[in-house]
Each structure stands twice: as structure tokens, then as C-alpha cells.
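The next block holds one structure in the form of C-alpha cells; read it before the comments.
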Amino acid sequence: MEPVVAHAQTDEEIAATFEVMRQLRPDLAADRYVAQVRSLMDSEGLRLLAVIDEGTVRGVAAYRFMQMLYCGRLLYLDDLVVDERVRSRGYGARLLDRLKDEGRAQGCSEIQLISRVTREQAHRFYFREGFGIECFHFRTRLD
């Protein structure tokens, strides 16, 4: 059976993405995860897309649509992670293909994401998928 790429919309579907998402975001707490995702869905338009194979979530992407002065409408990819036990099996590419289709359907000019400089394996994946580094991302903590 082919893997399925589908939106996680119910509380049960969102909860099913937790174990994979936690591999990227280890500070997330299981007892607050669904509420956090729901809050971001309501306030920021966050969407969760999961790739499911043999009834198990193998990868998850959290994304939203934004409008920027310099490029117009874009799909912003907050998080993309594939279960470390099943990487390099095409799950990440399936998620990105679907995200590209959704971005085009929503009139987006591009997909953007931020990836920490230490995530070299992820960077190789993004380069293979046609992404490039175009700018620096600066930040400062607010106390």
C-alpha cells in the first residue's frame, strides 16, 4: 500500500504526529501538544501535514501561508521532520511535493523555511529538493 499524505485535523490525528515532531522539537510536552497546535491553527493559520505509511505517522510538516511585501504570498514551512528510524525512504520528498502543490494552488510565489546551521543532514535534503540559501536570519532574545 502506498503512503498517504494528509492533513492532521482532529485531536487524535494531531496527537499521532507528536512522537515524530518531538524528534525535531524535544522540548514539546505530550500533554500540551494538541492544545499548542490547536492554538496556532486558530491564531496563525498553522496546518499540519502528515505522511502515513502502514498506519503510522512517518513524517510531519507544520506550515502556514503568509504575505510579504518583497515576494507576495508564500508558504512558510515552520517544521518538517521524518522519523529518524525511516529516513531516506522518500517520506520527506512526498511531504515537500505536496507542500509545493498546495503553495501553487494558493497562489504562492515560493516556499521558505529556516534551518539551524547545525542540521547538516537536513541541509543536504533541502539542497537535493531544489532549495537554496539566499539570506542570513538574525535574531535576538527579548528578556
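Assorted remarks:
- Taken over the range 22-86, the alpha-carbon convex hull comes to 114 cubic angstrom per residue.
- Gaussian network model of the chain, springs between alpha carbon atoms under 10 Å - residue of V51, V86, V20 with greatest fluctuation: V86
- Measuring between their Cα centroids, the range 69-118 and the range 12-48 lie 17 Å from each other.
- Using the average count of surrounding beta-carbon atoms within 10 Å as a protection proxy, the listed peptides 36-43, 115-122 rank, highest first, as 36-43, 115-122.
- Overall shape: oblate for the range 61-143, with the ratio a/c of the largest to smallest alpha carbon gyration tensor axis at 1.5 or above and b/c at least equal to a/b.
FYI, it's all coordinate maths here, none of it is from the lab. Every value quoted in this text rests on a predicted model; they were computed, and no experiment measured them. Note that each Cβ is placed from the backbone with ideal geometry, even for glycine, and that neighbours are counted across all protein chains shown.
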